[in-house]
1. Which FRET efficiency value, to the nearest 0.05, do you get for LYS36 and ASN200 by plugging their Cβ-Cβ distance into 1/(1 + (r/R0)^6) with R0 = 25 Å?
2. Taking Cα atoms, how many degrees apart are the long axis of helix 171-181 and the longest axis of the chain, rounded to 10 and kept between 0 and 90?
3. Mind jotting down the distance between the C-alpha centroids of region 1-68 and region 93-143, whole Å?
4. Given a 1.4 Å probe and heavy atoms of the protein chains only, how would you sort ARG180, ARG175, ARG135, largest accessible area at the top?
5. In degrees between 0 and 90, to the nearest 10, how far off the longest principal axis of the chain does helix 151-161 point, with axes built from Cα atoms?
6. Which of the listed residues, ILE208, GLN114, ASN53, is farthest toward the dipole's positive end in the chain, when Lys, Arg count +1 and Asp, Glu count -1 at the beta-carbon?
7. Please give the helix 209-226 orientation as an angle from the longest Cα principal axis of the chain, in degrees from 0 to 90, rounded to the nearest 10.
8. If I model a spin label as a point 7 Å beyond the Cα along the Cα-Cβ vector, how far apart are those points for GLU172 and LYS92 in nm?
Amino acid sequence: MASSGAKFCSEGQPFTVFIEGNIGSGKTTFLNHFQKYQDLVCLLTEPVEQWRNCGGVNLLDLMYKEPYRWAMPFQTYVTITMLNMHVQPTTKPVKLMERSMYSARYCFVENMMQSGMLHEGMYNILQEWYASIERMINVQADRIIYLRTDPEVAYERVRARARSEESCVPLEYLRQIHERYENWLIHGQHPCPAPVTVLNANLDLSNIGTEYVRSESSILEPIIQNTVRQPILASPSKQSKEAF
C-alpha cells in the first residue's frame with residue numbers, strides 16, 4: 001500500500017535475500033555455506049535465542065506447549081525481532097536473512113488461523129500490524145531462496161537435532177507448514193515480494209553443497225556486476241569460464 005511520504009529505510013538498503021523453508025529444511029546450514037563470502041555478505045540468522053529469552057521467559061517453548069494461549073504474543077514478538085533484522089544497517093552489499101516477516105505472516109500466522117490456534121480477533125490485529133508496517137517501513141526484498149523439503153525429511157532432521165522446544169512438534173505440523181509455504185511461494189496464493197529460486201533441500205545435508213552453489217549466482221551476481229572492485233568469488237575452475 002503506497003503512502004504519501006517516503007518510508008523509513010527507503011534509502012541505502014543492500015541487496016536482500018530471504019532464506020525460506022520449513023523447520024528442518026537446512027536454513028542454518030545454507031547460511032553457513034556463505035560464511036566464505038563474509039566480506040560481502042551480512043548473514044542474519046533467525047533470532048531464536050531472543051524468542052527463548054524474552055526477559056527470562058521462553059516464548060518459543062510456551063508457544064509450542066500452549067499455542068492457543070501464546071500464539072498471539074509469540075507472533076507479535078516475532079514481528080518485532082524480525083523487523084529489527086530487516087532494518088538492521090550494514091555496509092556490506094548483500095544481506096542474507098534466515099526467514100522474513102513475510103513467511104511469519106503467510107506461513108506461520110496463516111497456519112495458526114487455519115488450525116484454530118488464533119481467534120479471528122487476534123488474527124485481525126496481526127493483519128493490521130503487518131499493514132501498518134507495510135505503509136510506513138521499507139522491507140527490502142530482492143530474492144527469495146526456497147529450500148523445498150518434504151515434511152517427512154524435515155521431521156527426521158528435527159528429531160535428530162533434538163532441540164528441547166521442538167520435542168513436541170508432530171509430523172502433521174510440518175505438513176501444514178509445508179503446505180503454507182507451497183501456497184505462498186509455488187502457487188501464488190499470497191503476495192510474493194521478490195523472485196523465487198527453488199532448491200531441492202531433500203538432499204542429505206552432507207551432499208547438498210551442489211544445490212547451494214547453484215544459488216550463488218542469483219545471490220551474488222547482481223552485486224558483482226555493480227561492485228567497482230569486482231572481487232573474485234568463484235572457485236579457480238569457474239574463474240576460467242566467467243568474466244568478472
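The values are calculated or read from the model by the stated rules, or taken from the named source; none is laboratory data. In this text the structure is predicted, and so the values were computed from the model without any measurement. Note that each Cβ is placed from the backbone with ideal geometry, even for glycine, and that neighbours are counted across all protein chains shown. The protein model used for the area step is the full one, side chains on, heavy atoms only, and it has no ligands, DNA or RNA in it. Shrake-Rupley method; radii C 1.70, N 1.55, O 1.52, S 1.80 Å.
1. Numbers: r = 22 Å, r/R0 = 0.87.
The computed FRET efficiency comes out at 0.70.
2. Around 60 degrees separate the two axes.
3. Here the two parts' Cα centres lie 12 Å apart.
4. On the way: ARG180 25, ARG175 100, ARG135 80 Å².
The ranking, largest first, comes out as ARG175, ARG135, ARG180.
5. Value to nearest ten degrees: 90.
6. Farthest towards the positive end: ILE208.
7. Compared with the principal axis, the helix lies near 70 degrees.
8. 4.1
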